[in-house]
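Asks: Before I ask anything, here is the structure I am working with.
The values are calculated or read from the model by the stated rules, or taken from the named source; none is laboratory data. This is a predicted model, so every value here is computed, not measured. Positions of Cβ are generated from backbone atoms using ideal geometry, with glycine treated the same way; all protein chains shown enter the neighbour counts.
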Amino acid sequence: MDRVLVTGGAGFIGSHLCERLISEGHRVYCWDNLSTGSERNLAAVLSSPRFELVRHDIIEPRDIAVDRIYNLACPASPDQYQKDPIHTLMTSTVGVMNMLDIAERYGATLLQASTSEVYGDPLMHPQREDYWGHVNPIGPRACYDESKRLAETLLVAHERQRGAKVRIARIFNTYGPHMSADDGRVVSNFIVQALRGEDIVIYGDGQQTRSFCYVNDMVDGLVRLMRSDLRGPVNLGNPVETSIMELAQRVNALTGGRSAMVHRPLPIDDPCRRNPDITLARQRLGWEPKVSLDEGLEATISYFREMVEG
Ligand code: UDP
């Protein structure tokens, strides 16, 4: 049994990770400032004697003796992380330094949730881990992109200089139950609009692409990475590239096809294409996504249906 700290554990991916770790018999300490996460996401684990939730913001120092740390604390939806850009920057810099302090004090392994946003609006397709990215350092997404990049730099520096045990997951677009209905991300927006019979709002012409990974696949990748000896960054995401227009059509079809499609202007610096090369994860972690987009969308639609209609 490991003692595991999951920061951001009440969030979308974090809550699924807590469930998985509890089901494997570990002791799980969840720290979350509940800015975008919620206790409701933790309904399946809150009553476990091996689970503890503390309302805590990782930009404040706090100590705990653990064996492993998954640092998932940070708003991840563009709408959310741009609401308080300075706090977003602090979370993935000062917050990460606080996590490194704990990791070094107790010899714990720290897995940092990095992001496909480190590639910015990429000029290389698909994106491989050795691509340095194409990021606007002063654009509206910079508070997230640049602090996540610096987080990687901090981990690697602590590993080289002090032997810290670190893992870096570059997480691509992920979806599934426990996304919040109003966080502004494309999958949740489209599903909620379609279930309400409202127009599906596509930003730009909808030809921009993303690659959507179901949350259970993502959690499996994170757990495998934590247990591996892979120290450099690893892409975790679904390699099937889908245009936003195609996503809208599939969501509409799976929910009964009542919505019309309308267009709004594309946000500034919205990446045109995003698609992970997951060769490294396949070879070194034996990992690849198993859930198809239709299967994953159906499960996510059932989750939101209860929320919208219940
Ligand atoms: N998008 C959209 N309608 C929405 C929300 C997002 O067309 O209601 C588009 C957005 O412009 C982007 C893609 O969907 O091209 C994915 O956006 P999201 O906010 O989910 O995450 P991102 O991958 O941009 O970080």
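Asks: Looking at (1) under 28 Å from residue 137 (Cβ atoms); (2) modelled with pLDDT under 95; (3) not acidic (Asp, Glu), can you tell me which one residue 310 breaks?
Replies: (1)
Asks: Does segment 204-216 include one or more residues that are near the ligand (Cβ under 9 Å from one of its atoms) and farther than 28 Å from residue 72 by Cβ?
Replies: yes
Asks: Just to be sure I understand, how many residues within segment 100-148 are within 15 Å of the ligand (Cβ to nearest atom) and at positive phi?
Replies: 2
Asks: Now for a separate question. Quickly run through segment 116-134 and pick out the residues that are among the hydroxyl-bearing types (Ser, Thr, Tyr) and crowded, with 24+ Cβ neighbours inside 10 Å. Let's see the steps before the verdict.
Replies: Of segment 116-134, the ones among the hydroxyl-bearing types (Ser, Thr, Tyr) are 116, 119, 131.
If the condition is that a residue be among the hydroxyl-bearing types (Ser, Thr, Tyr) and crowded, with 24+ Cβ neighbours inside 10 Å, then 116, 119 are the ones that fit.
Asks: Take the conditions within 8 Å of the ligand (Cβ to nearest atom) and touching a residue at least 40 places away in the same chain (Cβ under 8 Å) and apply them to residue 201. Does it pass?
Replies: Spelling it out, residue 201 is indeed within 8 Å of the ligand (Cβ to nearest atom) and touching a residue at least 40 places away in the same chain (Cβ under 8 Å).
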